[in-house]
Each structure stands twice: as C-alpha cells, then as structure tokens.
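Report on the structure given below.
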Amino acid sequence: MTNIKSRRKTRNFSNRGTSSGFKRRSKKSKKFSSAINPSLLIKEAVIAEQTKFTPSQSFDQMPVNFKLKANLRNKGYGFPTQIQQETLEPLIAGRDLVGVAETGTGKTGAFLIPIIENLLNDPHQNTSLIVVPTRELALQIEEEFKSLTRGLRLFSCTFIGGTSVGRDLSRLRKQNHVIIGTPGRLLDLTNRGSLRLEEISILVLDEFDRMLDMGFINDIKKLIRSMSRRRQTMLFSATMDNTQKTLINSILKNSLEVKVSSGNTSSDNVEQDVIRVPQEQDKFNMLLNLLDDDSFEKVLIFAETKRLVDKVSKRLNQSGVATEHIHGNKTQNYRNKALNKFKKGQVQVLVATDVAARGIDVIDITHVINYQIPLTFESYIHRIGRTGRAGKIGKAFTFVDAA
Ligand code: AMP
C-alpha cells in the first residue's frame with residue numbers, strides 16, 4: 001500500500017457526528033434529499049465475540065460428497081457459516097427456501113453447496129438458474145462455483161449485459177449445469193430460443209428483494225413463467241421487504257424461512273458514523289482529508305449518479321489518490337478491470353454507483369464512504385455490507401448536509 005499512500009500526510013478529521021473541523025472554502029454542493037434519518041447511520045460495531053456463531057459440525061461431518069468436501073477444504077472452508085449450516089440439509093432435500101442473512105456471511109456457498117451436491121448425485125436432472133441484479137455479482141458467483149467444482153466436470157455459464165451475445169449463443173450449445181445471469185440478457189437469450197428455461201429445474205434469486213422490486217419484477221415473472229419444470233426455488237438476501245410477502249408466497253411452495261439476522265438492521269461488524277458537511281465547506285476536500293489517514297487502505301466510495309462517480313474519481317486521481325470507478329455506462333470489460341485492480345490493491349479507492357452495492361465480495365475493504373446519503377435504508381445496508389466481512393470490523397462514513 002505504501003506506493004499508493006505516499007502523497008500528503010495525515011490531516012486531522014474531526015467533524016464526525018455533530019462538530020466540524022474543516023477550513024476549506026466551498027463550492028456549494030448540490031443538496032441531495034433522502035428519506036433516511038442520519039441518526040440511523042451512527043452505530044458502534046459489536047465486538048466479534050458477541051456475534052460469533054459456533055458451528056455444530058464441520059463440513060466433513062455433513063452429508064456432502066467427498067469430492068466436494070475436498071474442494072471445500074482446499075478453499076479453507078472447514079466449517080459452515082450459520083446460513084450454510086441451517087440451510088444445507090433442507091436445500092439438498094429439495095425444499096423451497098427464503099434465506100435472510102447479513103452480507104458477507106456465506107450466502108453464495110449456502111445455495112451453491114447444495115446445488116453442487118445434488119448435481120454430483122444426478123448431473124442430468126438438476127440444471128440451475130441463478131438470477132442476480134448486477135453483472136459483477138454474476139461473475140463473482142461463477143468464480144465461486146468454479147472453485148467449488150474444480151475437477152468435478154460440472155459446467156457453468158454466465159450471461160450478462162455488455163458482453164457478446166454471439167459468444168453466449170455458442171456457449172448455450174454446450175452442456176451447462178449452472179447458468180448465472182442478469183435478467184435482461186437471460187430474457188434476450190430466451191426470446192431467441194437459445195436458452196431453454198423449460199429444461200431448468202432449480203431457480204435461485206440472489207438479492208431477491210431487489211429482484212422482486214419494480215425494476216426487475218416483470219422480467220423475473222417472464223423468466224419464471226417459462227420455467228415449467230421448476231422443482232425448487234431459493235431466495236437469498238440480506239434484507240427483506242415485508243411488502244413482498246404475497247409475491248414471495250406466490251413463487252414458493254411449502255417454503256422454509258431461515259433468518260440468521262433480522263434482515264432490516266445494519267451490519268453488526270460495521271462501525272458507522274456520519275460526517276456533517278457545513279454549507280461553507282467543500283465536501284471533496286473533506287473526503288481527501290479522510291483518505292489521508294493511513295487506516296483508509298481499501299476504500300469503496302458510493303455516489304448516486306454516474307456523473308458524480310466520474311467526477312469524484314477524476315478529482316481523486318488528480319489529487320494523487322489512486323482511484324478506479326465503475327457504473328452502468330462503463331463497458332463490462334472496463335468494470336471487470338477496475339474491480340480487479342481494486343481487489344488486488346493496485347488502487348486505494350473504488351468509486352461506484354449502486355452497481356457495486358450488492359453482493360460484491362472484496363476482501364479487506366477497510367472503509368465504505370457514502371459521498372451522498374443513499375435513497376433507501378436497504379441500499380445503505382447493502383453498501384456498508386461491503387466492509388466488515390467474514391467476521392472483520394469495518395467502518396462506514398456517510399456525508400450528510402449539516403442542518
Ligand atoms: P458471501 O456472503 O457469499 O459473499 O461470502 C463472504 C465471504 O465468506 C467470501 O469471501 C467467502 O469466500 C467466505 N466464505 C463463505 N463460506 C465460507 C465458509 N464456510 N468458511 C470460510 N469462509 C467462507
């Protein structure tokens with residue numbers, strides 16, 4: 001990290017909560033309105049011991065094929081996480097499920113491990129479709145699937161926007177046990193008659209509250225209607241929207257609900273605070289001051305609009321902070337490269353719109369900064385869930401306009 005952080009030296013930042021310690025002149029920042037009460041965004045992290053889950057058995061003791069056990073061991077997954085432990089057996093038995101667990105608690109494994117187990121028992125009957133809201137999440141799930149199935153001759157494909165349809169069509173001519181994708185591209189391939197949804201028996205909606213909201217629900221309904229042989233449906237998310245209950249019941253049959261968190265509180269592992277921005281101060285300079293602190297090693301900054309993401313990223317680079325950025329207008333190739341640089345620690349900061357808010361698993365993000373207060377509390381929870389993962393303590397700061 002030293003190469004990245006050898007710019008200016010630490011200035012104090014002390015206007016968290018209510019006070020203000022910045023002296024720079026402002027270009028008045030545009031006010032951004034939100035329904036979230038800033039007091040909800042201040043929270044101490046709970047010490048890890050208090051929230052720690054003790055697994056009752058190791059993967060070796062669970063009803064899992066020995067080849068899969070070996071791959072789990074190779075990945076360093078000795079014991080299941082709580083959501084994995086509580087859902088494994090019902091999912092292997094074919095139950096429909098609603099799984100709610102905080103971000104970073106192993107939800108991907110919770111649905112992939114039983115899918116792989118059932119594929120090993122019957123590779124011809126169990127094709128799965130995993131539908132997710134963002135392209136990055138789709139690629140990440142495929143990566144996890146590939147590492148869990150190393151040497152098992154189980155095949156997967158990811159179909160997402162911003163990539164070559166021609167390549168997708170040729171991939172669909174080969175055998176796929178697991179198909180992962182975003183709704184638009186999946187529907188496109190279905191409409192072309194290339195993706196045959198009636199041959200798929202298992203459906204997973206990851207980040208299901210997002211998949212069932214207004215932006216996606218029509219596409220999801222179309223996909224579900226074509227899945228005439230759907231035998232099992234799994235819904236996973238960190239947050240649950242109670243207004244979706246009826247819709248969920250119409251999709252699932254005799255389902256089990258497993259909640260390992262309430263689904264509406266923010267992550268216990270994340271210390272949260274607000275930074276009040278007085279009108280006369282320049283928010284960007286306040287951000288620079290924050291980033292000067294040595295503890296801000298790997299920082300994900302969220303902004304609401306693509307334009308603002310571009311602008312903040314450009315200004316950070318101009319100020320000597322190694323920064324990448326991603327949003328919906330960037331090509332998939334660009335987004336992958338930017339995310340990889342951030343993952344590998346080649347840049348200190350990634351600035352993003354909500355495309356990065358859900359599911360993205362980058363190890364060791366030290367801080368999440370909301371450059372603007374998000375529009376919904378759900379969005380806030382997903383964003384701050386990018387830090388404080390796998391039992392670590394993370395920090396989240398949200399800039400709010402001082403009253
Ligand atoms: P997820 O919530 O699926 O994004 O997973 C969060 C992180 O936990 C990822 O880095 C996973 O590789 C890791 N993980 C998932 N399951 C386990 C497990 N059983 N043991 C150790 N790490 C895990």
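Cβ-Cβ below 7 Å, separation at least six or inter-chain, first residue in segment 228-249 and in a helix (DSSP H, G or I), second β-branched (Val, Ile, Thr): which pairs?
Every condition considered, the pairs that remain are Ile248/Val98.
Look through segment 172-190, keep the residues that are among the charged types (D, E, K, R) and modelled with pLDDT of 95 or more, and return whichever of them is surrounded by the most Cβ atoms within 10 Å (Cβ to Cβ).
Of everything passing the filter in segment 172-190, Arg185 is surrounded by the most Cβ atoms within 10 Å (Cβ to Cβ).
One residue is enough: does segment 192-210 have a residue meeting the conditions closer than 30 Å to Ser379 by Cα and either among the small types (Gly, Ala, Ser) or without any contact (Cβ under 8 Å) to a residue 40 or more places away in the chain (or both)?
no
Can you find, within segment 102-139, the residue that is farthest from Met234 (Cα to Cα) among those that are within 13 Å of the ligand (Cβ to nearest atom), outside any helix (DSSP H, G or I) and open to solvent by less than 10 Å² (accessible area, probe 1.4 Å)?
Across segment 102-139, the extreme among qualifying residues is Val132.
Condition test on Ile251, is it touching a strand residue (DSSP E or B) at 6+ places or on another chain (Cβ under 7 Å), outside the structural domain of His367 (by TED's automatic domain parsing) and surrounded by 15 or more Cβ atoms within 10 Å (Cβ to Cβ)?
For Ile251, the condition - touching a strand residue (DSSP E or B) at 6+ places or on another chain (Cβ under 7 Å), outside the structural domain of His367 (by TED's automatic domain parsing) and surrounded by 15 or more Cβ atoms within 10 Å (Cβ to Cβ) - is met.
Of all residues in segment 223-242, count the ones that are under 22 Å from the mean Cα position of the chain (by Cα) and either open to solvent by 50 Å² or more (accessible area, probe 1.4 Å) or of a type in the set (Phe, Trp, Tyr) (or both).
3
Could you tell me which residue of segment 316-328 is nearest to Ala402 (Cα to Cα), considering only residues that are at pLDDT 95 or above and within 26 Å of the chain's Cα centre (by Cα)?
Among them, the one singled out is Leu316.
Which of the following residues is away from the ligand (no atom under 16 Å from the Cβ) and either outside any loop (DSSP other than H, G, I, E, B) or under 22 Å from Ile141 (Cα atoms) (or both): Ile369, Ile360, Ile381?
One residue alone meets the criteria, Ile369.
Please go through segment 339-360 and give me each residue that is surrounded by 24 or more Cβ atoms within 10 Å (Cβ to Cβ) and touching a strand residue (DSSP E or B) at 6+ places or on another chain (Cβ under 8 Å), ordered by number.
Phe342, Val349, Leu350, Val351, Ala352, Ala356, Ala357, Gly359
The values are calculated or read from the model by the stated rules, or taken from the named source; none is laboratory data. The structure displayed is predicted, hence computed values, not measured ones. So basically every Cβ, Gly included, is an ideal-geometry build from the backbone, and we count neighbours across all protein chains shown. Side chains included, ligands, DNA and RNA excluded: accessible areas come from the protein's heavy atoms. Shrake-Rupley method; radii C 1.70, N 1.55, O 1.52, S 1.80 Å.
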